[in-house]
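Data first, discussion second: the structure below is written as structure tokens.
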Amino acid sequence: MTAVITAFESSPDKGRGLARDMRVRWALEEVGQPYDVRLVSFAEMKQPAHRALQPFGQIPTYEEGDLALFETGAIIFHIAERSAGLLPGDANERARAIMWMFAALNTVEPPVVELEQAGYLAEDKPWLEELQTILEGRARARLSELSNSLGGAEWLEREFSAGDLMMVIVLRRAEGTGLVEEYPNLSAYVARAQARPAYRRAFAAQLAVFTDR
Ligand code: GTB
């Protein structure tokens, strides 16, 4: 049964691969699992039919046979658990790869997204600049800690895993802030992941949604 994911019919990022279907596409490409995509408009995402799949009215969703999932962490964990390529076979190494998935989602992504969102949620507020300085400091602290942890290694653990996939996607969300570039090992880490054939196929597929119309 071919999995079906949902993605923006018209992504605000214009195909830069920043919307969250990109991470699911990438995971599917890494394990070689074919998938179909159902594009949804903003209006459709808020309709009962889509909310039955995703209670918060968001993309992406994942459907496969009787199974319907939302939340990219859960979707990628599900994909990674069932096929080789994203989680190590050794139980302890597997646990650490999963730990990095959570670290990406719970520890690194929130300050990165808060910084990004301040710009438009508070764009007309006189205290915006002050807030941005605070949020930038918080995001920088996390990236600095991540940079120290990665050091000169190629990946977060011995081999590439779903933890790296999630972390790289989160770091890409900081694009345009210049923060990742402050840490050459993080920049190189992102570039290394982006050079993976699976990443390139996923990126091309989501870009085609934008360019093919
Ligand atoms: N925690 C959920 C998950 O990981 O699955 C979050 C899902 C989510 O945030 N989905 C967003 C969405 O559907 C799209 S990806 N938003 C519509 C809504 O909430 O009404 C977030 C996103 C959107 C656009 C850009 N961009 O243009 O750069 C980047 C990221």
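Okay, here's what the table says:
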{"quantity": "Probe 1.4 Å, protein heavy atoms only - accessible area per residue of the chain in square angstrom", "calculated": "50 Å²"}
{"quantity": "Contour excess over end-to-end distance, with Cα ends at D124 and E9 and 0.36 nm allotted per residue", "calculated": "38.5 nm"}
{"quantity": "Protection proxy ranking of 53-64, 22-33, 91-102 - average other beta-carbon atoms within 10 Å, highest first", "calculated": "22-33, 53-64, 91-102"}
{"quantity": "Accessible surface of the chain [probe 1.4 Å, protein heavy atoms]: carbon and sulfur percent", "calculated": "54 percent"}
{"quantity": "Efficiency of FRET from Cβ geometry, F102 and E136, R₀ 25 Å, rounded to 0.05", "calculated": "0.55"}
{"quantity": "Simple Cβ-charge dipole of the chain, Lys/Arg +1 and Asp/Glu -1, about Cα centre, in debye nearest 20", "calculated": "280 debye"}
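The values are calculated or read from the model by the stated rules, or taken from the named source; none is laboratory data. What you see is a predicted model, and the numbers here were worked out from it, not measured in a lab. Using ideal geometry, Cβ is built from the backbone for each residue, glycine included, and neighbour counts are taken over all protein chains shown. Each accessible area value is taken on the protein alone, full model and side chains, heavy atoms only, with ligands, DNA and RNA left out. Shrake-Rupley method; radii C 1.70, N 1.55, O 1.52, S 1.80 Å.
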